[in-house]
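Below is one structure, written out as structure tokens, with a few remarks after it.
The values are calculated or read from the model by the stated rules, or taken from the named source; none is laboratory data. Please read all numbers here as calculations on a predicted model, not as lab measurements. Neighbour counts are summed over all protein chains in view; Cβ atoms, including those assigned to glycine, are modelled from backbone coordinates with ideal geometry.
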Amino acid sequence: MRFLNWAVDELGFGRNTKYQKQYLNETNIRTAVYMSFIVMILEVWMIIRYVQQRPGRTFLEYYDGESNYLILFSSALIIFAFAPRYTKGGTVTNLCRLTASLVIFNDIIMIVRNAAANIQDKSPLQVVFGIKYHILLLILATAYLIYEICFLSAGRKNDLYGQFMIIVFSLISVGFGIETSVYDTGRDRQILCFVTMVLFAACMLIWRPYVSVLMLGMSFLYFYSLWVPRLQELDAAGGKVKDGDTINFFIFWIVLVMISFSIYHQRRHESAKDEKLIAANESLNRAATMDDLTDIHNMFYFNQETVEILNDPATDVGKKIFLFLNIENFKTYNDQYGYQSGNDYLRKLAILIKDTFEGDPVARQSDDHFVVLTDTDKVDERTEKIRSVVRGADADIYLELKVGAYRPSSADIDPRVAIDYARYACGLIKNNYDHNYKEYDQAADDLFHKNQYIVNHIDRAVQEGHIRVYYQPVVWADTKELCGLEALARWDDPKYGFLSPGIFIPVLEEYRQIHKLDACVFEQVCRDLRAALDDGRKMVPVSLNFSRLDFELMDATGLLEEYIQKYDIPKDYIHVEITESALTENMTLLSDAIDRFHKDGFSLWLDDFGSGYSSLNVLKDFDFDVLKIDMKFLTNFEHNEKSRTILNTIIQLADSIGMLSLTEGVETEEAADFLEKAGCGRLQGYLFGKPMPRAELREKIDNGTYTVSDRLI
Ligand code: C2E
Ligand code: MG
Ligand code: MG
């Protein structure tokens with residue numbers, strides 16, 4: 001069985017891929033270039049020799065009588081012109097058309113003359129048989145002319161066409177080889193012409209071995225059938241038949257078949273290797289330039305492509321614009337349907353964006369962020385099209401397309417910087433329901449540089465004491481006595497002056513630098529508490545704001561412990577505030593930290609309750625001591641009956657699950673009264689005091705503005 005498989009494969013019955021077939025075909029045609037060249041030289045030589053051997057005869061007389069060498073020369077010329085243009089392509093040229101036309105014209109003259117000379121004394125069939133090589137040449141030259149005019153200009157390539165051409169050429173060559181050698185045998189000469197021609201044909205027709213066996217077999221047997229009677233005639237006439245010749249003849253046949261086998265398998269092997277290399281190269285290229293998830297380009301490719309476009313002299317840079325596309329609230333989609341569905345959604349979205357901005361560079365940057373370089377006049381219509389699909393994607397989840405844009409100021413802008421600007425502009429309209437599109441303008445530029453400044457200067461600000469802690473009072477709802485303080489960071493910068501946390505906290509979080517600020521605040525608070533203790537002042541607990549990232553970027557719990565020990569602060573005086581939105585990501589890290597805070601005996605406060613989407617889940621999953629109700633419930637409190645109902649419900653809910661409550665943002669007496677009646681224990685807001693420096697707070701305690709409560713809980 002194994003032998004059978006091997007034999008079947010050796011004979012060329014194995015499957016070849018499309019690439020292999022093409023490779024084999026093209027190598028044959030490339031070989032035809034050399035073979036046809038040799039035939040051309042050979043035939044010119046033959047013609048010259050023919051004329052020289054017949055003193056007194058001119059070339060024109062040769063042309064009138066014999067024309068065999070001319071037919072061979074012409075067919076070789078056609079192949080010599082056809083083969084390189086078939087493999088390499090090119091444009092239609094007059095020279096090539098002229099060559100084909102001349103060959104056709106000349107051939108028709110020869111056909112007519114030959115037919116006219118023979119039509120009287122030969123049957124029509126004999127006449128046609130007499131001009132068979134002329135007919136084959138006519139077919140060959142006409143096929144070439146058709147290729148030049150129809151195929152080449154359309155850039156089309158057909159394997160069969162190439163094979164057809166070299167088969168016709170081989171038929172002419174081998175046919176002549178057979179005729180000449182049979183004739184030569186009659187004159188007691190060698191059969192070299194047949195041997196040469198069949199060798200040419202074999203070199204050009206390296207096909208599946210069984211085809212080679214058949215074709216060579218047919219040629220050899222046909223020749224043999226004509227040759228042997230000639231040999232016998234020669235014998236009868238007293239010539240000397242060379243016995244060895246017939247043996248050598250068959251040996252030559254076998255050797256030629258074997259060589260064809262070997263070349264075929266070698267080429268097949270090479271083509272398989274080539275194909276693997278090409279595939280490997282393609283996959284490497286893909287990995288370097290395509291985005292894994294969505295199968296559109298990645299940023300590496302986008303950057304290269306946009307540099308080329310912007311630097312193309314044909315590009316009007318003033319009309320180009322970089323876009324940064326972000327799907328707002330995509331995280332909720334992921335949470336609700338799982339990552340797999342989220343990925344499917346991103347894939348569809350990528351195709352939509354790519355199709356909508358057809359012809360423009362489009363790539364996925366990361367997550368649900370895509371980038372585009374397009375023309376300014378196309379932006380509105382196209383982003384609107386994508387937006388309508390995004391909005392309609394899911395009835396239950398609010399999804400919105402946010403677009404940030406940047407107009408490049410010159411062709412040599414670094415695309416990475418341009419995208420950074422567009423992304424930044426997009427960030428400015430985050431969570432802003434009124435704006436879905438934002439261009440990077442002067443104001444954004446100022447802010448951008450301010451943000452860069454913040455990131456680059458946080459270390460210096462910490463070292464040089466530009467970070468200050470302000471304290472905002474928290475009071476008991478019933479007595480309005482001071483029962484706590486919230487530590488809030490302020491940045492007093494030598495260049496920008498007073499910076500509010502609303503500006504620097506999101507930036508520090510985005511660039512993962514927030515832990516530096518928080519560590520600094522924690523230490524200052526502990527130091528201030530130590531100073532108050534040393535002064536023998538009556539104290540209230542201070543609550544510290546923790547960022548979700550603190551637990552990733554540093555050992556937040558360990559650090560707090562360290563400061564507490566260093567400054568010797570009783571744990572009752574520190575409250576830990578963790579904002580509600582922090583609890584929707586990276587759950588394990590946070591819940592470990594929460595457990596540890598509890599174990600260490602800190603009071604845990606859930607900040608900004610009600611500001612996010614998963615408030616109730618957070619209550620269910622985590623253990624907090626105090627609920628800080630977000631100040632958004634107090635906006636427009638006087639005119640909003642619903643807010644009151646909601647506040648009442650939250651306070652009761654907190655009470656029923658054993659939590660204390662605090663409401664932030666209390667600005668009016670009315671709100672304070674309402675909250676007290678509703679059962680909210682603590683209040684915080686401008687009504688009782690804005691965040692203030694430690695010295696001011698001391699002063700206000702000293703002058704009686706605040707009475708420090710004895711009650712701690
Ligand atoms: P938060 O923790 O919810 O802090 C309360 C914010 O509301 C403070 O803003 C405070 O000034 C403000 N506020 C208090 N009462 C009222 C009021 O009656 N009306 C109005 N309109 N606002 C009031 P601030 O100080 O600008 O801080 C903003 C946010 O920045 C904080 O929100 C907190 O999330 C964050 N933050 C502040 N300091 C730090 C810090 O040291 N570390 C961390 N990680 N975050 C901080
Ligand atoms: Mg807070
Ligand atoms: Mg808050």
Restricting to the stretch 537-555, give me the number of residues that are more than 10 Å from ligand 1 (Cβ to nearest atom) and closer than 19 Å to Tyr471 by Cβ.
6
Filter the stretch 575-626 for residues that are modelled with pLDDT of 90 or more, within 14 Å of ligand 2 (Cβ to nearest atom) and of a type in the set (Val, Ile, Thr) and give the result.
Val576, Ile578, Val626
How many residues are within 15 Å of ligand 1 (Cβ to nearest atom) and either surrounded by fewer than 20 Cβ atoms within 10 Å (Cβ to Cβ) or under 45 Å from the mean Cα position of the chain (by Cα) (or both) when one looks only at the stretch 605-626?
8
Within the stretch 55-114, count every residue that is surrounded by fewer than 18 Cβ atoms within 10 Å (Cβ to Cβ), assigned to a helix (DSSP H, G or I) and basic (Lys, Arg).
3
Looking at Gly536, Gly502, Gly484, Gly497, which is the one that is modelled with pLDDT under 95 and within 16 Å of ligand 2 (Cβ to nearest atom)?
Gly502
Just to be sure before I move on: is Cys203 in a helix (DSSP H, G or I) and in contact with an Asp or Glu (Cβ under 8 Å, 6 or more places away or on another chain) in the structure I sent?
no
Of the residues in the stretch 113-161, those that are more than 23 Å from Leu24 (Cα to Cα), in contact (Cβ under 8 Å) with a residue 60 or more places away in the chain and not aliphatic (A, V, I, L, M) come to Tyr133, His134, Ser153
When you scan the stretch 224-242, do you find a residue that is among the small types (Gly, Ala, Ser), surrounded by 14 or more Cβ atoms within 10 Å (Cβ to Cβ) and within 24 Å of Asp9 (Cα to Cα), even just one?
no
Residues in the stretch 516-526: is at least one in contact with a Cys (Cβ under 6 Å, 6 or more places away or on another chain) and either more than 16 Å from ligand 3 (Cβ to nearest atom) or over 19 Å from Leu549 (Cβ atoms) (or both)?
no
Within the stretch 482-534, how many residues turn out to be aliphatic (A, V, I, L, M), surrounded by fewer than 18 Cβ atoms within 10 Å (Cβ to Cβ) and outside any helix (DSSP H, G or I)?
0
Can you tell me which residue within the stretch 661-696, out of those that are buried (at least 19 other Cβ atoms within 10 Å of the Cβ) and among the hydrophobic types (A, V, I, L, M, F, W, C), is nearest to Met631 (Cα to Cα)?
Val666
Just to be sure, is Leu293 outside the structural domain of Lys378 (by TED's automatic domain parsing), surrounded by 12 or more Cβ atoms within 10 Å (Cβ to Cβ), in contact with a strand residue (DSSP E or B) (Cβ under 9 Å, 6 or more places away or on another chain) and touching a residue at least 40 places away in the same chain (Cβ under 8 Å)?
yes
Do we find that Ser581 is in the same structural domain as Leu606 (by TED's automatic domain parsing), over 29 Å from Ile701 (Cβ atoms) and within 15 Å of ligand 1 (Cβ to nearest atom) in this structure?
yes
Tell me, yes or no, whether the stretch 177-189 has at least one residue that is of a type in the set (A, V, I, L, M, F, W, C), modelled with pLDDT of 90 or more and surrounded by 18 or more Cβ atoms within 10 Å (Cβ to Cβ).
yes
Can you find, within the stretch 540-577, the residue that is surrounded by the fewest Cβ atoms within 10 Å (Cβ to Cβ) among those that are away from ligand 3 (no atom under 16 Å from the Cβ) and aromatic (Phe, Trp, Tyr)?
Tyr567
Within the stretch 697-713, how many residues are touching a residue at least 60 places away in the same chain (Cβ under 8 Å), part of a loop (DSSP other than H, G, I, E, B) and surrounded by 13 or more Cβ atoms within 10 Å (Cβ to Cβ)?
3
What's the total number of residues in the stretch 127-158 that are buried (at least 16 other Cβ atoms within 10 Å of the Cβ) and at pLDDT below 85?
3
Being more than 16 Å from ligand 3 (Cβ to nearest atom), modelled with pLDDT of 90 or more and loosely packed, with under 15 Cβ neighbours inside 10 Å, is that true of even one residue in the stretch 627-645?
yes
Scanning the stretch 651-668 residue by residue, those within 16 Å of ligand 2 (Cβ to nearest atom) and farther than 17 Å from Trp476 by Cα turn out to be none
Please determine, by comparing only the residues of the stretch 556-576 that are away from ligand 1 (no atom under 16 Å from the Cβ) and outside any helix (DSSP H, G or I), which one is farthest from Ala487 (Cα to Cα).
Asp568
